[in-house]
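Take a look at the structure below.
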Amino acid sequence: MGSLVNVEDFRRLAQARLPKMVFDYMEGGAEGESGLRHNRDVFEKVRFQPKRLTDTSKRSMEASLLGKRLRAPLLIAPTGINGILWPKGDIVLAKAAERFGIPFILSTASNSSIEEVADAAGGDLWFQLYIVHRKLAEMLIKRALAAGYSTLVLTVDVGVNGKRERDLKNNFGVPVRYTARTLIDGLMHPHWSFNFLRNGVPQFGNLASSAMNDPEIQAALMTRQMDASFSWDDLARLRELWPRKLLVKGLSRPDDAKRCQSMGIDGVILSNHGGRQLDSAIAPFQALPSTRSAVDIPVLIDSGIRRGSDVVKAVAMGASAVLLGRATLYGLAAKGPEGVDAVLEIFRDEIDRTLAQIGCSDVAQVDITYLWPQGSVVA
Ligand SMILES: Cc1cc2nc3c(=O)[nH]c(=O)nc-3n(C[C@H](O)[C@H](O)[C@H](O)COP(=O)(O)O)c2cc1C
């Protein structure tokens, strides 16, 4: 791993290893991808104002979240069809999270099922729910409860799929459509193709059970769209169905977060889906200060986090923890289990160095006074 020293190195290696249409699926944003760039810009605009002559000889990056200890303020974000990046990609990520002492969030659109992941990996497993059809959602909730998932994450920013122009141009879909172009793309990436052929075409692991023979659910799945009518009253009902911790992912506004808190939601995740949904949305980092002051529940964020210093900036601005989306996927696609471990290790190292260099020995003590400019820093 000598020449792979940062997340960008893993991104480049992933690009070399994957067929173009698979890399584009992972990497792409919506429309002109200004949101994707903006998510990075906001982190780069904020600088640190280090404190000096503080004892930083012993440092801690442990975080506390929803009554549990995390070895770092990180989680692995829910991402669909990880199996096309690496065989059994969901399980590879879940096991890496377990080794690293952080939660893993399994997507509704995973390739390995809720039960397969729970059987293969220990650690703190969370399940992310998309509402495609309410009956289907209730079935998935029951399965996640039975399989021991500690936390449910409801994603609310995909009422309609984002216009991902790379996927449209590549004619990308699941199952993969075989055209002359996809075959040539595959031949030019023999290592990936060999793995793909040896392990079989990944399926949607959670949607393959006999219960899916219900014609209404079948029809909803065929549309490949979420149920855009799901609203606050439905969230109240979901709160009743899931007795454990429940978080809402995809918020951008303090008033929505406040409403979640008033309904007994345990935490919120500010996210623009990594720039894959509304291209012109603000970056979650921009909504962090106002949301932090509006609620008392944990506020998590994601979108654009590629450096340990980004994590420390987010925590300084009030985040309880951050979710890694593409960063760990780059590790997965580049080198499988070793790659995911290496990316997590890069984050650990960079967080540790950042803490030492800003003069703060404990990530729990980092606050806005370490950042510059303060106030409307990310306007
Ligand atoms: C390839 C890919 C698939 C994703 N699939 C899902 C998903 O199934 N459910 C979900 O809630 N979010 C999904 N997301 C969004 C991530 O959970 C997360 O919000 C986003 O990746 C964070 O941005 P980042 O990639 O810049 O870190 C996906 C993101 C990517 C890149």
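If both residues of a DSSP beta bridge must be in region 7-372, then about 15% of such bridges are antiparallel. Overall, the chain carries a charge dipole of about 440 debye about its Cα centre when +1 sits on the Cβ of Lys and Arg and -1 on the Cβ of Asp and Glu, all other atoms neutral. In sequence order, region 274-283 has phi-based couplings of x, x, 9, 10, 8, 4, 8, 5, 5, 7 Hz under the Karplus curve 6.51 cos²θ - 1.76 cosθ + 1.60, θ = phi - 60°, and Gly or Pro positions carry x. Protein heavy-atom surface of the chain, 1.4 angstrom probe: 54% of the accessible area is carbon and sulfur, with nucleic acids and ligands not counted.
Dipole magnitude for region 101-148: about 280 debye, using +1 per Lys or Arg Cβ and -1 per Asp or Glu Cβ, origin at the Cα centre. The packing ranking of peptides 157-167, 311-321, highest mean first, is 311-321, 157-167, where packing means the average number of other beta carbon atoms within 10 angstrom of each residue.
Positive contributions from Lys and Arg (+1) and negative ones from Asp and Glu (-1), summed over other residues with Cβ under 11 Å from the Cβ of Asp167, come out at +2. Checked against a 24 Å cut-off, the cross-linked pairs Lys88/Lys335; Lys45/Lys163; Lys142/Lys258; Lys20/Lys95; Lys68/Lys335 give Cα-Cα distances beyond that limit for Lys45/Lys163; Lys142/Lys258; Lys20/Lys95; Lys68/Lys335. Evaluated at q = 0.08, 0.12 Å⁻¹, the base-10 log of the normalised Debye intensity for region 7-372, with identical point scatterers placed on the Cα atoms, takes the values -0.38, -0.88. Sequentially through region 349-355, phi angles give Karplus couplings (6.51, -1.76, 1.60; θ = phi - 60°) of 5, 5, 5, 4, 4, 4, 4 Hz, Gly and Pro residues having no value and appearing as x. Remark on Leu300: its backbone amide H falls under 5 Å from those of Val268, Ile269, Leu270, Ser320, a criterion applied only to residues 5 or more positions apart or on other chains, H modelled at 1.01 Å from N. Taking only C-alpha pairs under 8 Å that are 6+ residues apart, what is the relative contact order of the chain in percent? Relative CO of the chain lands at 29 percent.
Were the residues from Arg71 through Leu187 laid out at 0.36 nm apart, the gain over their Cα-Cα distance would be 37.6 nm. Size of region 77-217: Rg and Dmax of its alpha carbons, in Å, are 16.1, 45. Ordering of 175-185, 260-270 by packing is 260-270, 175-185, highest average first (other Cβ atoms within 10 Å, averaged per residue). What number, rounded to the nearest 500 deg cm²/dmol, is the helix-based mean residue ellipticity at 222 nm of the chain, given -39500 (n - 2.57) per DSSP H run of at least four residues and division by all its residues? Rounded to the nearest 500, the figure is -13500 deg cm²/dmol.
Using the Karplus relation 6.51 cos²θ - 1.76 cosθ + 1.60 with θ = phi - 60°, the per-residue 3J(HN,Hα) values for region 151-159 come to 9, 10, 10, 9, 8, 10, 10, 10, x Hz, with x marking Gly and Pro.
Ranked by the mean number of other Cβ atoms within 10 Å per residue, highest first, peptides 80-93, 274-287, 59-72, 21-34 order as 80-93, 274-287, 21-34, 59-72.
The values are calculated or read from the model by the stated rules, or taken from the named source; none is laboratory data. These numbers were taken from a predicted model, which means no experiment stands behind them. Note: ideal-geometry Cβ built from the backbone for every residue, glycine included; neighbour counts use all protein chains shown. Remember, those area values only see protein heavy atoms, side chains included, never the ligands or the DNA or RNA. Shrake-Rupley method; radii C 1.70, N 1.55, O 1.52, S 1.80 Å.
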